[in-house]
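**Q** Before anything else, here's the structure in question.
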Amino acid sequence: MKFFNFHLMPYRHADLDAIGKNGSAWVTFSNRHYDPQKGAELYHEYLDQMEFADKLGFDGVCLNEHHQTAYGMMPIPGVLAGALARSVKRAKLAILGRALPLINNPLMVAEEYAILDNLTRGRLIAGFVRGIGAEYHAMGINPAYSQERYAEAHDLIVRAWTEPGPFSHVGKHYQFRYVNPWPRPYQKPHPPIWIPSQGSGSTIRWAARMRYTYCQTLSPIAAVARFFQLYRDEAEKAGYQASHDQLAWSNTIYVAETDERAVREARPHLEALMNYFLKMPTEMLLPPGYTDPASMKRVRAAKVTGKPQSIEDVIKAGVVIVGSPNTVREKLAEYQDLAGFNTSLTKTQFGTLPDDMARANMTAIAQEILPHFRDRSPQRTRREAAE
Amino acid sequence: MAAHSISTLAIRDCRIRLMRAGAGAPLVFLHGGGGLGIWLPCMAQLAKKFDVIAPEHPGFGESDSPAWLDTVGDLANFYLDFLDQLDLCGVHLVGSSLGGWIAADLAVRNATRLASLTLIGAAGIHVDGVAQVDTFLTNEEQRIRDLFYDQELAEAVIAGSERPELEDAALRNRMTTAKLSWQPRNHDPQLRKWLHRIKVPTLLVWGDHDRVFPQDYAFAYQRLIPGAKVVVIPECGHLPHVEKGDAFAAELEAFIGAMRIAA
């Protein structure tokens, strides 16, 4: 299994009471709560952590993209990826943004990713996402066109990377007389494309058909297993066997000497993430048209965004793994076998977790967990074959 | 009082639902983002003097969602086809909120079949510096509360809206409303440039407590449409035809009556 150090870069000094009072850390949470002195320190703290992950032997570092929120300070992940492109010497550099529908000129993503792929001499992993619903409020993009814009932007970017220019593009949402971006990507035919999603069936099926790596965000492991099975089934329908390398689970891991200590240390920081940084009303998460009415009804019925979650809840559901090295190894192996993935996108810093604790956690994961999984693949398929 | 009929009608490739009652000059009522809704008391009142026709827009409720539907301009042209197909002349066109935007856009494009235009709490233009609720970022209960001055009425509407069989239509209505009005929010920057072309008598009916498009919007429309008359209905929110149906019907009848005398 491969390990990526996945950073959300939260504004960890955010006033949680103020977020609670506002009802969300997103869109309407005033940026007067952002202190540039503290923010500047945080950017360096987090970029240093990414460089540390490279030195510790993580296989990659992961950035993402969210807008107008204390949840993450990476509205333009390419800037931070640029800062890391020369200082992260060995690890892959994955951007699990760019939210294509939010951008009115998708060629800028083709250009940005191609530059990063050149700078890293082929270590870029190119993520394409739609962004969550809140982004459509924040960026003034019509959620009812999200899927159309994503599809058209994706097709255009891949074509711009693979077909010599100049050529013209006249689509519904984007029109260009000349498509001829310089530079071209370093990797051939283009950087690996990864597709993160909250578990949309249509996204999973599409990623499987395109043979893109699918990344499951923040979900209980039982749901992750179902989503990954859907991917494998769809791959089979498309006439190939999906490899475990095509499936990545985005998780949070915290390691300390004992289970009890790990839970005690992680609790306030993880609960701040779950109950403050992630909190948003349904109207913000799911604007009309963002997803099809059937999915909308399922989410509304589940009322997913309402209830506060304790660290015990998310450990039990297998959203996160927190415990002693032994517990974490056992759980991770169990989950790897259950869901069948070969990449762990691991948040080692989360919520309000301070730098010293994040670094201790990263070191513990590098020393106690990584070596045990270096050559480990899911056992599930073998077991299934035996049955 | 005669009962209204409910029927479906195909305009080219698009089937829509239609409520209709009464006889006399045609009065076409274009609903807002909340959907066609019920046959309102004010419609029954107006049906005593007019042939009241209330279509359900493409993309809403049980009407089709045609592939060509992207903008309010598409609906304006669709309703021009609609007026042609039904061969309606001397039409009193009434539109509420999003429907008011469609009606204004239609009247700019081609008013030859219109006798008058009535906009109720209409979208379509933007007025700087006016505090407006964000109907896409409020929950369903608050959204309904924001529509009404009378909160007892709002509570009755909330209670009536919590029926599971209405959920599909409500989701479709929300989705199409977003498609048409999310960005630029609730207006077309090009529309205000051409509103002066509206030459038919125009009535602007607003609730004095409209929190969605406050009455500044009525006066902004009045400045843009030559000779338009503003009527502000007291103790009333965004939907005067629902909240103050009698007063609304009386104002509309008086306006059309005065217009006929003037003619």
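What follows draws every value from the coordinates through simple rules; no lab data is involved. Treat the numbers as computed from the prediction; the structure is a model and nothing was measured. Cβ: placed from backbone, ideal geometry, glycine included. Neighbour counts: every protein chain shown.
**Q** Tell me which residues come under 5 Å, amide H to amide H, from A:Thr252 once H is placed; ignore anything under 5 positions away on its chain.
**A** Amide H to amide H, under 5 Å and 5 or more residues apart or across chains, A:Thr252 pairs with A:Ile321, A:Lys347.
**Q** Further question: I want the local charge near A:Tyr254. Using Cβ-Cβ distances under 13 Å, sum +1 for each Lys or Arg and -1 for each Asp or Glu among the other residues. Provide the component values of the computation, followed by the final result.
**A** Numbers: positive: A:Arg261, A:Arg264, A:Arg267, A:Lys331, A:Lys347, A:Arg359; negative: A:Glu257, A:Asp259, A:Glu260, A:Glu265, A:Glu271, A:Glu368.
That sum, taken over residues with Cβ under 13 Å, equals 0.
**Q** Now a separate question. Would chain A count as rounded, prolate or oblate if I go by the C-alpha gyration tensor, calling it rounded below 1.5 in a/c and otherwise prolate when a/b exceeds b/c, oblate otherwise?
**A** Rounded.
**Q** For segment B:178-263, what class follows from the C-alpha gyration tensor (a ≥ b ≥ c being the square roots of its eigenvalues): rounded when a/c is under 1.5, otherwise prolate if a/b is larger than b/c, else oblate? Write down the numbers at each step before the final one.
**A** On the way: a/c = 2.23, a/b = 1.18, b/c = 1.89.
Since a/c reaches 1.5 but b/c is at least a/b, the shape of segment B:178-263 is classed as oblate.
**Q** In whole Å, what is the distance between the alpha-carbon centres of segment A:73-108 and segment A:262-340?
**A** After rounding, the separation between the Cα centres reads 25 Å.
**Q** So which aspartates and glutamates pass the test for A:Lys89, namely a Cα distance under 19 Å, with those fewer than 8 places away in the same chain ruled out?
**A** Reachable aspartates and glutamates: A:Glu45, A:Asp48, A:Glu51, A:Asp54, A:Asp59, A:Asp117.
**Q** Residue by residue through B:138-151, how many Cβ atoms from other chains fall within 10 Å of the Cβ on average?
**A** Values: counts 2, 3, 3, 0, 1, 1, 0, 0, 0, 0, 0, 0, 0, 0.
So the per-residue partner count for this stretch is 1.
**Q** Determine the dipole magnitude for segment A:217-289: charges of +1 sit on the beta-carbon of Lys and Arg, -1 on that of Asp and Glu, nothing else is charged, the reference point is the Cα centre, and the result goes in debye to the nearest 20. List each step's numbers first, then the result.
**A** Values: 7 positive and 10 negative charges, 27 e Å.
Around 120 debye, computed over segment A:217-289.
**Q** Subtract the Cα-Cα distance of A:Ser30 and A:Asp313 from 0.36 nm times their separation in residues, and report this length gain in nm to one decimal. Mind showing how you got there, number by number?
**A** Values: separation 283, 0.36 × 283 = 101.88 nm, distance 3.00 nm.
Taking A:Ser30 through A:Asp313 to full extension adds about 98.9 nm, to one decimal.
**Q** Hey, what did chain B get for relative contact order, percent, Cα under 8 Å, at least 6 apart?
**A** Reported as a whole number, the value is 19 percent.
**Q** Averaged over A:359-366, how many beta carbons belonging to a partner chain fall within 10 Å of each residue's beta carbon? Can you show the working numbers first?
**A** Values: counts 0, 0, 0, 0, 0, 0, 0, 0.
So the per-residue partner count for this stretch is 0.
**Q** Placing +1 at every Lys and Arg Cβ and -1 at every Asp and Glu Cβ, with all other atoms neutral, what dipole size does segment A:158-234 have around its Cα centre, in debye to the nearest 20?
**A** Details: 10 positive and 3 negative charges, 30 e Å.
The calculation lands at about 140 debye.
**Q** Another question, then. Please compute the modelled spin-label separation between A:Glu334 and A:Glu163, points set 7 Å along Cα→Cβ, answer in nm with one decimal.
**A** About 5.0 nm separates the two model spin labels.
**Q** Please report the spacing between the Cα centers of segment A:143-189 and segment B:98-145 in Å, no decimals.
**A** Distance between centres, Cα-based: 36 Å.
**Q** Related question: So what's the net charge close to A:Arg264: Lys and Arg +1, Asp and Glu -1, counting the other residues with Cβ under 14 Å from its Cβ?
**A** -4
**Q** Next question. Indicate, rounded to the nearest 5 percent, the antiparallel portion of the DSSP beta bridges found entirely in segment A:2-159.
**A** Around 10 percent of the beta bridges assigned by DSSP in segment A:2-159 are antiparallel ones.
**Q** Past the 24 Å Cα-Cα mark, which pairs from A:Lys297/B:Lys179; A:Lys307/B:Lys179; A:Lys2/A:Lys331; A:Lys172/B:Lys179?
**A** Long pairs (Cα-Cα over 24 Å): A:Lys307/B:Lys179.
**Q** Report the calculated FRET efficiency for B:Arg260 and A:Lys172 (r = Cβ-Cβ distance, R0 = 41 Å), to the nearest 0.05.
**A** 0.35
**Q** Sticking with this one: Local charge sum around A:Gln147 (other residues, Cβ-Cβ under 11 Å, Lys/Arg +1, Asp/Glu -1)?
**A** Numbers: positive: A:Arg130, A:Arg149; negative: A:Glu148, A:Glu152, A:Asp292.
Around A:Gln147, the charge tally is -1.
**Q** Could you list which residues have their amide H under 5 Å from that of B:Lys229, counting only those 5 or more apart in sequence or on another chain, with H placed in the peptide plane?
**A** B:Thr202, B:Leu203, B:Leu204
**Q** Kyte-Doolittle cut-off -0.5, length cut-off 20 Å along the helix's own axis using Cα: show which whole DSSP H helices in chain A pass.
**A** The answer, listed by residue number, is A:221-237.
**Q** Which ³J(HN,Hα) values in Hz, rounded to whole numbers, follow from the phi angles of segment A:164-172 under the Karplus curve 6.51 cos²θ - 1.76 cosθ + 1.60, where θ = phi - 60° and Gly and Pro get x?
**A** x, x, x, 9, 9, 10, 10, x, 6
**Q** Taking a ≥ b ≥ c as the square roots of the Cα gyration tensor eigenvalues, with a/c under 1.5 meaning rounded and otherwise prolate when a/b beats b/c, else oblate, which class fits chain B? Don't skip to the end; give the middle numbers.
**A** Working: a/c = 1.17, a/b = 1.08, b/c = 1.08.
Taking the square roots of the gyration eigenvalues as a ≥ b ≥ c, chain B is rounded.
**Q** In chain B, which helices (entire DSSP H runs) extend 20 Å or more along their own long axis, judged by Cα positions, while averaging at least -0.5 on the Kyte-Doolittle scale?
**A** Within chain B the helices that satisfy the rule are B:245-262.
**Q** Within straight cross-link reach of B:Lys49, meaning Cα distance under 28 Å, which lysines are found once same-chain residues fewer than 8 apart are removed?
**A** B:Lys199, B:Lys229, B:Lys244
**Q** Could you give the size of the charge dipole of chain A about its Cα centre, using +1 on the Cβ of each K and R and -1 on the Cβ of each D and E, expressed in debye and rounded to the nearest 20?
**A** 760 debye
**Q** May I pose another question? Go through segment A:339-353 residue by residue and turn each phi into a ³J(HN,Hα) via Karplus (6.51, -1.76, 1.60, θ = phi - 60°); whole Hz please, and just put x for glycine and proline.
**A** 9, x, 10, 10, 9, 10, 9, 10, 7, 9, 10, 8, x, 8, 4
**Q** For segment A:250-337, which GluC sites (Glu not before Pro) are in a loop by DSSP, counting at most 12 other Cβ atoms within 10 Å? Write down the numbers at each step before the final one.
**A** Details: sites: A:Glu257, A:Glu260, A:Glu265, A:Glu271, A:Glu283, A:Glu312, A:Glu330, A:Glu334; in loops: A:Glu257.
Answer in residue order: A:Glu257.
**Q** A:Met73's amide H: which non-local residues (gap 5+, or another chain) put their own amide H closer than 5 Å, with H modeled 1.01 Å from N in plane and none for Pro or chain starts?
**A** Those qualifying (amide H under 5 Å, at least 5 residues apart or on another chain) are A:Tyr11.
**Q** Would you kindly state the longest site-free stretch of chain B, with sites defined as GluC sites (Glu not before Pro) in a DSSP loop (not H, G, I, E, B) surrounded by at most 15 other Cβ atoms within 10 Å?
**A** Longest stretch, sites excluded: B:63-161.
**Q** Springs between alpha-carbon pairs under 10 angstrom, Gaussian network model over chain B: which of B:Thr118, B:Thr71, B:Thr176 fluctuates most?
**A** B:Thr71
**Q** So what is the relative contact order for segment B:19-78, in percent, with contacts set as C-alpha pairs under 8 Å and at least six apart? Display every interim value, and only then the final one.
**A** Values: 82 pairs, mean separation 22.6, N = 60.
It comes to 38 percent, rounded to a whole number.
**Q** To check you understand DSSP bridge types, tell me what percent of the beta bridges within chain A (both residues inside) are antiparallel, rounded to 5.
**A** About 10 percent, rounded to the nearest 5.
**Q** Counting helices only, and only those DSSP H runs with n ≥ 4, report the 222 nm mean residue ellipticity of chain B as the sum of -39,500 (n - 2.57) divided by its residues, in deg cm²/dmol to the nearest 500.
**A** -11000 deg cm²/dmol
**Q** Continuing with this model, one more query. Tabulate in residue order the Karplus-calculated ³J(HN,Hα) for segment A:187-196, using 6.51 cos²θ - 1.76 cosθ + 1.60 with θ = phi - 60°, rounded to whole Hz; enter x for Gly and Pro.
**A** Values per residue, Gly and Pro as x: 7, 10, x, 6, x, x, 9, 10, 10, x Hz.
**Q** Give me the distance in nm between label points sitting 7 Å out from Cα along the Cα-to-Cβ direction at B:Asp246 and A:Asp259, one decimal.
**A** Label at B:Asp246, label at A:Asp259, 7.1 nm between them.
**Q** Continuing with this model, one more query. How much of the DSSP beta bridge set in segment A:115-274 is antiparallel, as a percent to the nearest 5?
**A** Values: 3 of 12 bridges.
So the antiparallel bridges amount to about 25 percent of the total.
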